[in-house]
Amino acid sequence: MFQETPYIRHKLRVEKSAKTVFLLMTVLIIIPLIMIVTYMVYKASPVLSMDFLLTKPTNGMRQGGIWPALLGTLYLVLMSLCIAAPVGVMAAIYLNEYAKDNWLTRTVNLAVINLAGVPSIVHALFGLGAFVIFAGIGRSILAAALTLAVMTLPVIITSTKESLSAVPMSFREACWNVGATKWQTIRGIVLPNSVSGMLTGFILEVSRAAGETAPIMFTGAVFYKAIAEGDVFAYGLLDQCMALSMHLFTISTQVPNVPEALPYGTAVVLLSTVLAVNAISIGLRVYIRSRKKW
Amino acid sequence: MSDEPNYSIETKDLSLFYGDFQALNKVSVNINHGKITGLIGPSGCGKTTLLRCFNRVNERFGNVTTTGEIKILSKNIYDDDVSLIQLRKSVGMVFQRPNPLPISVYENVVFGLRIHSRRKDLKKTQLDEAVEKALREVYLWDDLKDQLHVKGTTLQLEQQQKLCIARLLPLKPEVILMDEPCSALDTEATRAVEELMHGLTGKYTIVIVTHNMAQARRVSDECIFMLLGELVEHTRTEDMFLNPSHQKTADYIEGRYG
Ligand SMILES: Nc1ncnc2c1ncn2[C@@H]1O[C@H](COP(=O)(O)OP(=O)(O)OP(=O)(O)O)[C@@H](O)[C@H]1O
Ligand SMILES: [Mg+2]
(Lines give C-alpha, C1' and ligand atoms only; values in the text may rest on other atoms or scores of the structure.)
(Ligands and ions follow the chains in the order given, each with its own letter.)
Protein backbone atom coordinates (compact mmCIF):
# COMPACT_ATOMS: atom_id res chain seq x y z
CA MET A 1 0.00 0.00 0.00
CA PHE A 2 1.01 3.55 -0.75
CA GLN A 3 4.48 2.65 -2.13
CA GLU A 4 6.30 4.79 -4.65
CA THR A 5 6.26 3.34 -8.13
CA PRO A 6 9.03 4.12 -10.62
CA TYR A 7 6.60 6.38 -12.48
CA ILE A 8 5.94 8.42 -9.34
CA ARG A 9 9.68 8.74 -8.72
CA HIS A 10 10.06 10.00 -12.28
CA LYS A 11 7.32 12.59 -11.76
CA LEU A 12 8.95 13.78 -8.56
CA ARG A 13 12.31 14.18 -10.33
CA VAL A 14 10.66 16.27 -13.08
CA GLU A 15 8.92 18.33 -10.42
CA LYS A 16 12.21 19.00 -8.69
CA SER A 17 14.09 20.00 -11.82
CA ALA A 18 11.25 22.26 -12.95
CA LYS A 19 11.38 24.09 -9.65
CA THR A 20 15.17 24.41 -9.85
CA VAL A 21 15.07 25.86 -13.36
CA PHE A 22 12.51 28.48 -12.39
CA LEU A 23 14.49 29.43 -9.30
CA LEU A 24 17.63 29.73 -11.41
CA MET A 25 15.92 32.12 -13.81
CA THR A 26 14.76 34.27 -10.93
CA VAL A 27 18.27 34.44 -9.53
CA LEU A 28 19.59 35.15 -13.02
CA ILE A 29 17.61 38.39 -13.27
CA ILE A 30 18.19 39.53 -9.74
CA ILE A 31 21.96 39.12 -9.70
CA PRO A 32 22.70 41.38 -12.70
CA LEU A 33 20.35 43.96 -11.23
CA ILE A 34 22.22 43.96 -7.94
CA MET A 35 25.54 44.02 -9.79
CA ILE A 36 24.56 46.98 -11.92
CA VAL A 37 23.40 49.00 -8.95
CA THR A 38 26.50 48.12 -6.92
CA TYR A 39 28.78 48.94 -9.83
CA MET A 40 27.04 52.29 -10.38
CA VAL A 41 27.28 53.27 -6.77
CA TYR A 42 30.94 52.20 -6.67
CA LYS A 43 31.79 54.26 -9.75
CA ALA A 44 29.86 57.22 -8.44
CA SER A 45 31.36 57.13 -4.98
CA PRO A 46 34.08 59.76 -5.59
CA VAL A 47 31.49 62.47 -6.28
CA LEU A 48 28.56 61.44 -4.09
CA SER A 49 28.15 64.04 -1.37
CA MET A 50 25.73 66.71 -0.20
CA ASP A 51 27.73 69.23 -2.23
CA PHE A 52 27.19 67.19 -5.38
CA LEU A 53 23.43 67.49 -4.84
CA LEU A 54 23.35 71.14 -3.90
CA THR A 55 25.81 72.89 -6.21
CA LYS A 56 25.71 73.67 -9.88
CA PRO A 57 27.96 72.20 -12.56
CA THR A 58 31.17 74.13 -13.18
CA ASN A 59 34.05 74.13 -15.64
CA GLY A 60 31.85 73.36 -18.67
CA MET A 61 30.00 70.61 -16.74
CA ARG A 62 33.23 68.74 -16.01
CA GLN A 63 33.09 69.52 -12.29
CA GLY A 64 30.65 70.55 -9.60
CA GLY A 65 27.22 69.19 -8.78
CA ILE A 66 23.82 68.65 -10.29
CA TRP A 67 21.52 70.96 -8.31
CA PRO A 68 19.79 72.63 -11.29
CA ALA A 69 19.10 69.26 -12.88
CA LEU A 70 17.86 67.67 -9.68
CA LEU A 71 15.53 70.56 -8.96
CA GLY A 72 14.38 70.65 -12.58
CA THR A 73 13.45 66.99 -12.51
CA LEU A 74 11.53 67.45 -9.26
CA TYR A 75 9.62 70.36 -10.79
CA LEU A 76 8.81 68.47 -13.96
CA VAL A 77 7.74 65.30 -12.22
CA LEU A 78 5.62 66.96 -9.56
CA MET A 79 3.96 69.30 -12.01
CA SER A 80 3.19 66.58 -14.51
CA LEU A 81 1.74 64.52 -11.67
CA CYS A 82 -0.39 67.47 -10.51
CA ILE A 83 -1.78 67.79 -14.02
CA ALA A 84 -2.12 64.13 -14.96
CA ALA A 85 -3.41 62.73 -11.66
CA PRO A 86 -6.66 64.73 -11.32
CA VAL A 87 -7.48 64.55 -15.02
CA GLY A 88 -6.64 60.86 -15.23
CA VAL A 89 -8.51 59.90 -12.09
CA MET A 90 -11.62 61.80 -13.11
CA ALA A 91 -11.56 60.32 -16.61
CA ALA A 92 -11.12 56.85 -15.14
CA ILE A 93 -14.06 57.42 -12.80
CA TYR A 94 -16.21 58.47 -15.72
CA LEU A 95 -15.18 55.51 -17.84
CA ASN A 96 -15.56 52.95 -15.08
CA GLU A 97 -18.55 54.23 -13.12
CA TYR A 98 -20.72 56.29 -15.45
CA ALA A 99 -20.07 55.37 -19.07
CA LYS A 100 -22.52 52.95 -20.60
CA ASP A 101 -21.05 50.09 -22.57
CA ASN A 102 -21.48 51.48 -26.08
CA TRP A 103 -19.21 51.97 -29.08
CA LEU A 104 -18.03 55.39 -27.90
CA THR A 105 -16.86 54.02 -24.56
CA ARG A 106 -15.20 51.08 -26.22
CA THR A 107 -13.42 53.42 -28.64
CA VAL A 108 -12.16 55.61 -25.81
CA ASN A 109 -10.96 52.58 -23.86
CA LEU A 110 -9.14 51.27 -26.91
CA ALA A 111 -7.59 54.69 -27.51
CA VAL A 112 -6.34 54.84 -23.92
CA ILE A 113 -4.69 51.45 -24.22
CA ASN A 114 -3.05 52.38 -27.51
CA LEU A 115 -1.90 55.78 -26.26
CA ALA A 116 0.10 54.03 -23.57
CA GLY A 117 2.13 52.40 -26.31
CA VAL A 118 2.97 55.55 -28.26
CA PRO A 119 6.76 56.13 -28.24
CA SER A 120 7.87 59.08 -26.17
CA ILE A 121 9.54 60.81 -29.10
CA VAL A 122 6.11 61.09 -30.72
CA HIS A 123 4.75 62.67 -27.56
CA ALA A 124 7.70 65.02 -27.70
CA LEU A 125 6.72 66.23 -31.15
CA PHE A 126 3.11 66.52 -30.10
CA GLY A 127 4.09 68.58 -27.07
CA LEU A 128 6.27 70.83 -29.20
CA GLY A 129 3.45 71.43 -31.66
CA ALA A 130 0.55 71.67 -29.24
CA PHE A 131 1.94 73.40 -26.16
CA VAL A 132 5.12 75.20 -27.20
CA ILE A 133 3.99 76.51 -30.58
CA PHE A 134 0.20 76.31 -30.92
CA ALA A 135 -0.73 77.27 -27.36
CA GLY A 136 2.14 79.72 -27.33
CA ILE A 137 3.50 78.68 -23.96
CA GLY A 138 7.03 78.55 -25.34
CA ARG A 139 9.76 76.17 -24.24
CA SER A 140 9.26 76.05 -20.50
CA ILE A 141 8.75 73.87 -17.44
CA LEU A 142 4.99 74.24 -17.95
CA ALA A 143 5.10 73.02 -21.55
CA ALA A 144 7.39 70.12 -20.66
CA ALA A 145 5.25 69.10 -17.69
CA LEU A 146 2.14 69.20 -19.86
CA THR A 147 3.85 66.98 -22.41
CA LEU A 148 4.88 64.51 -19.71
CA ALA A 149 1.33 64.59 -18.35
CA VAL A 150 -0.17 63.73 -21.72
CA MET A 151 2.35 60.96 -22.10
CA THR A 152 1.56 59.40 -18.72
CA LEU A 153 -2.22 59.94 -18.66
CA PRO A 154 -3.04 56.53 -20.16
CA VAL A 155 -1.01 54.83 -17.46
CA ILE A 156 -2.89 56.63 -14.72
CA ILE A 157 -6.27 56.06 -16.35
CA THR A 158 -5.64 52.36 -16.84
CA SER A 159 -4.42 51.64 -13.34
CA THR A 160 -7.13 53.78 -11.73
CA LYS A 161 -9.78 51.99 -13.72
CA GLU A 162 -8.39 48.67 -12.59
CA SER A 163 -8.46 49.68 -8.95
CA LEU A 164 -12.02 51.01 -9.30
CA SER A 165 -13.29 47.80 -10.82
CA ALA A 166 -11.62 45.84 -8.03
CA VAL A 167 -14.21 47.30 -5.63
CA PRO A 168 -16.97 44.67 -5.48
CA MET A 169 -20.14 45.48 -7.38
CA SER A 170 -22.21 44.45 -4.37
CA PHE A 171 -21.07 47.56 -2.48
CA ARG A 172 -22.37 49.76 -5.25
CA GLU A 173 -25.62 47.85 -5.36
CA ALA A 174 -26.04 48.26 -1.63
CA CYS A 175 -25.69 52.01 -2.04
CA TRP A 176 -27.92 52.39 -5.07
CA ASN A 177 -30.62 50.38 -3.38
CA VAL A 178 -30.97 52.85 -0.56
CA GLY A 179 -31.23 55.64 -3.11
CA ALA A 180 -27.64 56.88 -3.24
CA THR A 181 -26.63 58.69 -6.40
CA LYS A 182 -23.61 57.47 -8.32
CA TRP A 183 -21.47 60.28 -7.00
CA GLN A 184 -22.49 59.61 -3.39
CA THR A 185 -21.58 55.98 -3.93
CA ILE A 186 -18.25 56.85 -5.50
CA ARG A 187 -17.28 59.35 -2.85
CA GLY A 188 -18.52 57.37 0.11
CA ILE A 189 -17.48 53.84 -0.81
CA VAL A 190 -15.69 53.35 -4.11
CA LEU A 191 -12.92 55.95 -3.83
CA PRO A 192 -11.87 55.23 -0.24
CA ASN A 193 -11.45 51.59 -1.21
CA SER A 194 -9.48 52.10 -4.38
CA VAL A 195 -6.86 54.63 -3.31
CA SER A 196 -4.12 52.04 -3.11
CA GLY A 197 -4.53 51.09 -6.74
CA MET A 198 -4.45 54.71 -7.74
CA LEU A 199 -1.13 55.12 -5.97
CA THR A 200 0.25 52.40 -8.23
CA GLY A 201 -0.67 54.53 -11.19
CA PHE A 202 1.07 57.51 -9.66
CA ILE A 203 4.23 55.48 -9.05
CA LEU A 204 4.33 54.43 -12.68
CA GLU A 205 3.73 58.00 -13.83
CA VAL A 206 6.54 59.34 -11.65
CA SER A 207 8.99 56.67 -12.72
CA ARG A 208 8.28 57.23 -16.36
CA ALA A 209 8.22 61.03 -16.22
CA ALA A 210 11.50 61.19 -14.32
CA GLY A 211 13.34 58.97 -16.75
CA GLU A 212 12.21 60.38 -20.09
CA THR A 213 14.52 62.64 -22.08
CA ALA A 214 12.92 63.16 -25.48
CA PRO A 215 9.64 64.79 -24.44
CA ILE A 216 11.33 67.41 -22.27
CA MET A 217 14.27 68.03 -24.59
CA PHE A 218 11.90 69.42 -27.23
CA THR A 219 9.65 71.33 -24.89
CA GLY A 220 11.52 72.88 -22.00
CA ALA A 221 14.73 71.26 -20.83
CA VAL A 222 18.09 72.84 -21.61
CA PHE A 223 21.71 71.69 -21.44
CA TYR A 224 22.75 74.22 -18.91
CA LYS A 225 21.05 76.74 -16.71
CA ALA A 226 22.54 78.48 -13.72
CA ILE A 227 20.18 78.89 -10.76
CA ALA A 228 20.62 79.85 -7.14
CA GLU A 229 22.21 76.94 -5.33
CA GLY A 230 20.11 75.27 -2.68
CA ASP A 231 17.06 77.47 -3.37
CA VAL A 232 14.01 75.26 -4.02
CA PHE A 233 12.05 78.11 -5.58
CA ALA A 234 14.76 78.93 -8.09
CA TYR A 235 12.70 78.03 -11.16
CA GLY A 236 9.59 79.81 -12.41
CA LEU A 237 6.82 78.05 -14.31
CA LEU A 238 7.75 79.63 -17.61
CA ASP A 239 11.51 79.18 -17.18
CA GLN A 240 13.42 76.52 -18.98
CA CYS A 241 15.18 74.07 -16.71
CA MET A 242 17.80 71.38 -16.53
CA ALA A 243 16.78 67.80 -15.79
CA LEU A 244 18.63 64.74 -14.55
CA SER A 245 17.83 62.49 -17.51
CA MET A 246 18.88 65.17 -19.97
CA HIS A 247 21.98 66.08 -17.94
CA LEU A 248 23.03 62.44 -17.94
CA PHE A 249 22.62 62.34 -21.70
CA THR A 250 24.59 65.57 -22.15
CA ILE A 251 27.60 64.76 -20.01
CA SER A 252 27.84 61.23 -21.35
CA THR A 253 27.65 62.09 -25.03
CA GLN A 254 28.00 65.79 -25.75
CA VAL A 255 30.80 67.03 -23.49
CA PRO A 256 34.34 65.67 -23.93
CA ASN A 257 36.61 64.77 -21.00
CA VAL A 258 33.99 64.48 -18.28
CA PRO A 259 35.33 62.51 -15.29
CA GLU A 260 33.65 59.11 -15.18
CA ALA A 261 32.22 59.59 -11.73
CA LEU A 262 29.94 62.46 -12.80
CA PRO A 263 27.55 60.56 -15.09
CA TYR A 264 27.47 57.65 -12.64
CA GLY A 265 26.70 60.03 -9.82
CA THR A 266 23.90 61.59 -11.84
CA ALA A 267 22.49 58.16 -12.64
CA VAL A 268 22.55 57.12 -9.00
CA VAL A 269 20.70 60.28 -7.98
CA LEU A 270 18.11 59.77 -10.72
CA LEU A 271 17.59 56.19 -9.66
CA SER A 272 17.35 57.06 -5.98
CA THR A 273 14.84 59.82 -6.64
CA VAL A 274 12.54 57.41 -8.43
CA LEU A 275 13.06 54.71 -5.81
CA ALA A 276 12.37 57.16 -3.01
CA VAL A 277 9.05 58.18 -4.54
CA ASN A 278 8.18 54.53 -5.10
CA ALA A 279 9.08 53.63 -1.55
CA ILE A 280 6.83 56.35 -0.17
CA SER A 281 3.90 55.20 -2.31
CA ILE A 282 4.44 51.56 -1.50
CA GLY A 283 4.55 52.41 2.19
CA LEU A 284 1.29 54.31 1.84
CA ARG A 285 -0.27 51.42 -0.01
CA VAL A 286 0.70 48.90 2.61
CA TYR A 287 -0.73 51.18 5.26
CA ILE A 288 -4.03 51.60 3.39
CA ARG A 289 -4.28 47.88 2.63
CA SER A 290 -3.78 47.01 6.25
CA ARG A 291 -6.86 49.02 7.14
CA LYS A 292 -9.09 47.54 4.46
CA LYS A 293 -11.05 44.37 5.05
CA TRP A 294 -13.94 42.87 3.18
CA MET B 1 -62.39 52.83 4.83
CA SER B 2 -61.56 49.98 7.14
CA ASP B 3 -63.08 47.46 4.75
CA GLU B 4 -60.92 48.70 1.89
CA PRO B 5 -58.05 46.39 1.22
CA ASN B 6 -54.79 48.02 2.18
CA TYR B 7 -52.21 47.26 -0.49
CA SER B 8 -48.57 48.28 -0.51
CA ILE B 9 -47.87 47.01 -3.99
CA GLU B 10 -50.30 46.57 -6.86
CA THR B 11 -49.28 45.45 -10.31
CA LYS B 12 -51.52 45.19 -13.34
CA ASP B 13 -50.59 43.24 -16.48
CA LEU B 14 -46.92 43.68 -15.72
CA SER B 15 -44.75 42.25 -18.49
CA LEU B 16 -41.00 42.52 -18.77
CA PHE B 17 -38.66 41.74 -21.63
CA TYR B 18 -34.88 41.32 -21.59
CA GLY B 19 -34.32 42.06 -25.27
CA ASP B 20 -36.90 39.76 -26.86
CA PHE B 21 -36.89 37.27 -24.02
CA GLN B 22 -40.07 37.66 -22.00
CA ALA B 23 -39.25 37.19 -18.33
CA LEU B 24 -42.62 38.31 -16.90
CA ASN B 25 -45.96 37.76 -18.55
CA LYS B 26 -48.94 39.87 -17.50
CA VAL B 27 -48.42 39.59 -13.79
CA SER B 28 -51.24 41.14 -11.76
CA VAL B 29 -50.84 40.93 -8.05
CA ASN B 30 -51.79 42.88 -4.95
CA ILE B 31 -49.51 42.66 -1.95
CA ASN B 32 -50.90 43.45 1.45
CA HIS B 33 -49.49 46.11 3.71
CA GLY B 34 -47.63 44.94 6.78
CA LYS B 35 -47.62 41.29 5.79
CA ILE B 36 -44.87 38.92 4.73
CA THR B 37 -45.43 37.64 1.23
CA GLY B 38 -43.43 34.66 0.02
CA LEU B 39 -42.45 34.39 -3.64
CA ILE B 40 -41.78 30.83 -4.74
CA GLY B 41 -41.23 29.02 -8.00
CA PRO B 42 -38.60 27.06 -9.88
CA SER B 43 -35.28 28.57 -10.89
CA GLY B 44 -35.54 31.08 -13.72
CA CYS B 45 -39.26 31.70 -13.37
CA GLY B 46 -38.80 35.42 -12.83
CA LYS B 47 -38.91 35.85 -9.05
CA THR B 48 -35.87 38.06 -8.88
CA THR B 49 -37.02 39.96 -11.93
CA LEU B 50 -40.41 40.68 -10.37
CA LEU B 51 -38.79 41.74 -7.12
CA ARG B 52 -36.42 44.09 -8.92
CA CYS B 53 -39.35 45.73 -10.69
CA PHE B 54 -40.63 47.07 -7.40
CA ASN B 55 -37.68 49.42 -6.96
CA ARG B 56 -36.95 49.76 -10.65
CA VAL B 57 -33.40 48.42 -10.56
CA ASN B 58 -34.04 46.24 -13.60
CA GLU B 59 -33.69 49.37 -15.67
CA ARG B 60 -29.99 49.41 -14.95
CA PHE B 61 -29.46 46.47 -17.26
CA GLY B 62 -29.87 48.08 -20.67
CA ASN B 63 -32.33 46.59 -23.11
CA VAL B 64 -35.14 46.05 -20.61
CA THR B 65 -38.72 46.91 -21.59
CA THR B 66 -41.53 46.96 -19.10
CA THR B 67 -45.23 47.27 -19.85
CA GLY B 68 -48.18 47.40 -17.49
CA GLU B 69 -48.52 49.16 -14.19
CA ILE B 70 -46.87 49.02 -10.79
CA LYS B 71 -48.31 51.01 -7.95
CA ILE B 72 -46.62 51.41 -4.61
CA LEU B 73 -48.89 52.96 -2.01
CA SER B 74 -51.31 53.64 -4.89
CA LYS B 75 -48.75 55.70 -6.78
CA ASN B 76 -47.72 54.47 -10.20
CA ILE B 77 -43.93 54.26 -9.98
CA TYR B 78 -43.54 54.72 -13.71
CA ASP B 79 -45.13 58.19 -13.54
CA ASP B 80 -42.86 60.95 -14.77
CA ASP B 81 -42.81 62.74 -11.44
CA VAL B 82 -41.47 59.72 -9.53
CA SER B 83 -37.93 60.19 -8.27
CA LEU B 84 -35.93 56.98 -8.26
CA ILE B 85 -34.06 58.23 -5.23
CA GLN B 86 -37.27 58.64 -3.23
CA LEU B 87 -38.65 55.36 -4.53
CA ARG B 88 -35.58 53.40 -3.41
CA LYS B 89 -35.72 55.13 -0.08
CA SER B 90 -39.10 53.56 0.59
CA VAL B 91 -38.50 50.26 -1.19
CA GLY B 92 -35.41 48.67 0.33
CA MET B 93 -33.68 45.53 -0.82
CA VAL B 94 -31.80 42.73 0.95
CA PHE B 95 -29.62 40.42 -1.12
CA GLN B 96 -28.69 36.78 -1.18
CA ARG B 97 -25.12 37.45 -0.11
CA PRO B 98 -25.01 39.88 2.79
CA ASN B 99 -23.42 43.05 1.47
CA PRO B 100 -22.63 45.36 4.35
CA LEU B 101 -20.51 48.33 3.32
CA PRO B 102 -16.82 48.38 4.25
CA ILE B 103 -17.42 51.02 6.90
CA SER B 104 -18.27 50.80 10.58
CA VAL B 105 -21.46 49.21 11.87
CA TYR B 106 -22.62 52.64 12.99
CA GLU B 107 -21.97 54.19 9.58
CA ASN B 108 -23.66 51.27 7.85
CA VAL B 109 -26.85 51.93 9.76
CA VAL B 110 -26.87 55.70 9.24
CA PHE B 111 -25.67 55.45 5.64
CA GLY B 112 -29.18 55.98 4.27
CA LEU B 113 -29.82 58.94 6.52
CA ARG B 114 -26.57 60.58 5.48
CA ILE B 115 -27.35 60.04 1.82
CA HIS B 116 -30.78 61.57 2.08
CA SER B 117 -30.06 64.61 4.23
CA ARG B 118 -27.75 67.56 4.24
CA ARG B 119 -24.84 67.19 6.59
CA LYS B 120 -25.91 70.09 8.80
CA ASP B 121 -29.41 68.68 9.25
CA LEU B 122 -28.15 65.58 11.01
CA LYS B 123 -27.63 65.86 14.74
CA LYS B 124 -25.36 63.40 16.49
CA THR B 125 -28.05 62.49 19.00
CA GLN B 126 -30.52 61.85 16.22
CA LEU B 127 -28.08 59.50 14.50
CA ASP B 128 -27.28 57.71 17.75
CA GLU B 129 -30.98 57.16 18.34
CA ALA B 130 -31.52 55.87 14.82
CA VAL B 131 -28.67 53.38 15.23
CA GLU B 132 -29.95 52.05 18.53
CA LYS B 133 -33.50 51.81 17.27
CA ALA B 134 -32.60 50.03 14.04
CA LEU B 135 -30.19 47.61 15.72
CA ARG B 136 -32.76 46.80 18.37
CA GLU B 137 -35.34 46.04 15.71
CA VAL B 138 -33.02 43.44 14.15
CA TYR B 139 -31.90 42.06 17.55
CA LEU B 140 -28.31 43.16 17.07
CA TRP B 141 -28.11 45.90 19.66
CA ASP B 142 -27.12 43.72 22.59
CA ASP B 143 -24.42 41.98 20.58
CA LEU B 144 -22.98 45.01 18.91
CA LYS B 145 -23.58 47.99 21.16
CA ASP B 146 -19.94 47.98 22.22
CA GLN B 147 -18.64 47.28 18.72
CA LEU B 148 -20.30 50.02 16.72
CA HIS B 149 -16.93 51.08 15.35
CA VAL B 150 -15.92 47.72 13.84
CA LYS B 151 -16.26 47.27 10.13
CA GLY B 152 -19.54 45.79 8.98
CA THR B 153 -17.64 43.48 6.67
CA THR B 154 -15.84 41.76 9.54
CA LEU B 155 -18.99 40.54 11.32
CA GLN B 156 -20.31 36.98 11.15
CA LEU B 157 -22.58 36.31 8.18
CA GLU B 158 -25.71 36.24 10.28
CA GLN B 159 -24.88 39.58 11.83
CA GLN B 160 -23.98 40.96 8.41
CA GLN B 161 -27.35 40.04 7.00
CA LYS B 162 -29.14 41.52 9.99
CA LEU B 163 -27.07 44.66 9.57
CA CYS B 164 -28.15 44.85 5.93
CA ILE B 165 -31.75 44.81 7.10
CA ALA B 166 -31.03 47.36 9.82
CA ARG B 167 -29.47 49.62 7.22
CA LEU B 168 -32.88 50.04 5.57
CA LEU B 169 -34.89 50.80 8.68
CA PRO B 170 -33.85 54.39 9.52
CA LEU B 171 -35.31 55.42 6.16
CA LYS B 172 -38.71 54.11 7.29
CA PRO B 173 -39.32 52.07 4.15
CA GLU B 174 -42.79 50.94 3.14
CA VAL B 175 -41.54 47.77 1.50
CA ILE B 176 -38.54 45.53 2.16
CA LEU B 177 -37.65 43.18 -0.67
CA MET B 178 -35.60 40.11 0.22
CA ASP B 179 -34.05 37.92 -2.45
CA GLU B 180 -33.21 34.57 -0.85
CA PRO B 181 -31.89 36.35 2.24
CA CYS B 182 -31.00 33.15 4.06
CA SER B 183 -29.46 31.02 1.36
CA ALA B 184 -25.93 31.96 2.45
CA LEU B 185 -26.70 31.28 6.12
CA ASP B 186 -26.68 28.12 8.23
CA THR B 187 -29.80 26.76 9.94
CA GLU B 188 -29.29 28.61 13.17
CA ALA B 189 -28.70 31.94 11.46
CA THR B 190 -31.68 31.33 9.20
CA ARG B 191 -33.88 30.88 12.26
CA ALA B 192 -32.59 34.08 13.73
CA VAL B 193 -33.29 36.06 10.58
CA GLU B 194 -36.76 34.55 10.30
CA GLU B 195 -37.48 35.52 13.86
CA LEU B 196 -36.41 39.06 13.12
CA MET B 197 -38.69 39.14 10.08
CA HIS B 198 -41.61 38.21 12.30
CA GLY B 199 -40.68 41.12 14.51
CA LEU B 200 -40.93 43.45 11.53
CA THR B 201 -44.44 42.43 10.44
CA GLY B 202 -47.09 45.08 10.78
CA LYS B 203 -44.57 47.88 10.37
CA TYR B 204 -43.18 46.97 6.98
CA THR B 205 -44.40 45.06 3.98
CA ILE B 206 -41.96 42.26 3.28
CA VAL B 207 -41.66 40.33 0.04
CA ILE B 208 -39.32 37.37 0.31
CA VAL B 209 -38.07 35.12 -2.47
CA THR B 210 -37.14 31.67 -1.25
CA HIS B 211 -36.39 28.23 -2.61
CA ASN B 212 -36.97 26.71 0.76
CA MET B 213 -40.57 25.53 1.03
CA ALA B 214 -40.31 25.04 4.74
CA GLN B 215 -39.14 28.59 5.12
CA ALA B 216 -41.92 29.95 2.94
CA ARG B 217 -44.32 28.10 5.15
CA ARG B 218 -42.76 29.28 8.37
CA VAL B 219 -42.40 32.97 7.64
CA SER B 220 -44.96 34.07 5.11
CA ASP B 221 -48.58 35.11 5.59
CA GLU B 222 -49.32 34.87 1.90
CA CYS B 223 -47.61 33.07 -0.91
CA ILE B 224 -47.21 33.67 -4.61
CA PHE B 225 -46.31 30.79 -6.89
CA MET B 226 -44.76 31.67 -10.24
CA LEU B 227 -43.95 29.56 -13.25
CA LEU B 228 -42.24 30.65 -16.48
CA GLY B 229 -42.86 34.32 -15.88
CA GLU B 230 -46.50 33.92 -15.00
CA LEU B 231 -48.27 34.16 -11.70
CA VAL B 232 -49.99 30.84 -11.08
CA GLU B 233 -51.42 31.22 -7.64
CA HIS B 234 -51.58 33.78 -4.86
CA THR B 235 -53.29 32.85 -1.61
CA ARG B 236 -52.81 32.64 2.12
CA THR B 237 -49.79 30.47 2.83
CA GLU B 238 -51.67 27.80 4.75
CA ASP B 239 -54.16 27.44 1.91
CA MET B 240 -51.41 27.09 -0.63
CA PHE B 241 -49.59 24.41 1.27
CA LEU B 242 -52.61 22.49 2.54
CA ASN B 243 -54.89 22.93 -0.37
CA PRO B 244 -53.33 24.33 -3.54
CA SER B 245 -55.86 25.13 -6.20
CA HIS B 246 -53.55 24.42 -9.15
CA GLN B 247 -52.01 21.10 -9.99
CA LYS B 248 -48.71 22.80 -10.88
CA THR B 249 -48.51 24.44 -7.50
CA ALA B 250 -49.09 21.12 -5.82
CA ASP B 251 -46.43 19.47 -7.95
CA TYR B 252 -43.89 22.14 -7.12
CA ILE B 253 -44.60 22.20 -3.42
CA GLU B 254 -44.25 18.46 -3.25
CA GLY B 255 -40.90 18.74 -4.98
CA ARG B 256 -41.82 17.08 -8.25
CA TYR B 257 -39.79 19.69 -10.08
CA GLY B 258 -37.61 22.50 -8.90
N1 LIG C 1 -30.12 40.82 -16.97
C2 LIG C 1 -30.71 39.83 -17.66
N3 LIG C 1 -30.61 39.79 -19.00
C4 LIG C 1 -31.20 38.81 -19.72
N5 LIG C 1 -31.93 37.82 -19.19
C6 LIG C 1 -32.08 37.79 -17.84
C7 LIG C 1 -31.47 38.81 -17.01
N8 LIG C 1 -31.78 38.52 -15.73
C9 LIG C 1 -32.53 37.40 -15.75
N10 LIG C 1 -32.72 36.96 -17.01
C11 LIG C 1 -33.52 35.79 -17.42
O12 LIG C 1 -34.83 35.98 -16.97
C13 LIG C 1 -35.37 34.78 -16.43
C14 LIG C 1 -35.83 35.03 -15.03
O15 LIG C 1 -34.70 35.29 -14.20
P16 LIG C 1 -34.79 35.56 -12.66
O17 LIG C 1 -33.43 35.87 -12.19
O18 LIG C 1 -35.85 36.54 -12.40
O19 LIG C 1 -35.24 34.12 -12.13
P20 LIG C 1 -35.40 33.64 -10.63
O21 LIG C 1 -36.79 33.13 -10.52
O22 LIG C 1 -34.97 34.68 -9.68
O23 LIG C 1 -34.39 32.43 -10.62
P24 LIG C 1 -33.53 31.88 -9.40
O25 LIG C 1 -34.46 31.12 -8.54
O26 LIG C 1 -32.51 31.00 -10.05
O27 LIG C 1 -32.92 33.05 -8.71
C28 LIG C 1 -34.27 33.74 -16.52
O29 LIG C 1 -34.56 32.89 -17.62
C30 LIG C 1 -33.02 34.52 -16.75
O31 LIG C 1 -32.15 33.82 -17.59
MG1 LIG D 1 -33.30 34.87 -8.26
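The values are calculated or read from the model by the stated rules, or taken from the named source; none is laboratory data. Keep in mind that what you see is a predicted model, and the values were worked out from it rather than measured. As a convention, Cβ positions derive from the backbone with ideal geometry for all residues, glycine included, and neighbour counts pool all protein chains shown. Protein only, heavy atoms only, side chains kept; ligands, DNA and RNA dropped before computing areas. Shrake-Rupley method; radii C 1.70, N 1.55, O 1.52, S 1.80 Å.
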Listed peptides A:103-114, A:181-192, B:39-50 by packing density, highest first (mean Cβ within 10 Å): B:39-50, A:181-192, A:103-114
Estimated buried accessible area (total), pair B and A, 1.4 Å, Å² to nearest 100: 1700 Å²
Solvent-accessible area per residue, Å², over the range B:9-67 with all protein chains present [probe radius 1.4 Å]: 39 Å²
Pairs beyond 30 Å (Cα-Cα), from B:K47/B:K75; B:K47/B:K123; B:K12/B:K162: B:K47/B:K123; B:K12/B:K162
Cα-based helix-to-principal-axis angle, B:105-116 vs chain B, degrees rounded to 10: 70 degrees
Average accessible area per residue (Å²) across the range A:53-290 - probe 1.4 Å, nucleic acids and ligands excluded: 44 Å²
Carbon/sulfur fraction of accessible area - the range A:53-290, other protein chains in place, 1.4 Å, %: 70 percent
Sum of -39500 (n - 2.57) over DSSP H runs of 4+, divided by residues of chain A (222 nm, nearest 500): -22000 deg cm²/dmol
Of A:C175, A:C82, A:C241, the one that fluctuates the most in a GNM where chain A has Cα springs shorter than 10 Å: A:C175
Rounded percent of accessible protein surface that carbon and sulfur make up, chain B, 1.4 Å probe: 47 percent
Principal axis dimensions, largest first and in whole angstrom, of the protein assembly as shown by Cα: 103, 75, 52
Under 5 Å, built H, 5+ apart or other chain: amide partners of A:S194: none
Complex-versus-alone comparison for the range A:163-177, residues with a loss of 40 Å² or more in accessible area, probe 1.4 Å: A:F171, A:E173, A:A174, A:W176, A:N177
Value of relative contact order over chain A, rounded to a whole percent, pairs C-alpha under 8 Å and six or more apart: 27 percent
Most positive-pole-ward Cα, B:Q22, B:N108, B:V57, against dipole of the range B:1-137 from beta carbon charges: B:N108
Local net charge near B:K123, Cβ-Cβ under 13 Å (Lys/Arg +1, Asp/Glu -1): +2
Rg(Cα)/(2.2 N^0.38 Å) for chain B, N = residue count: 1.02
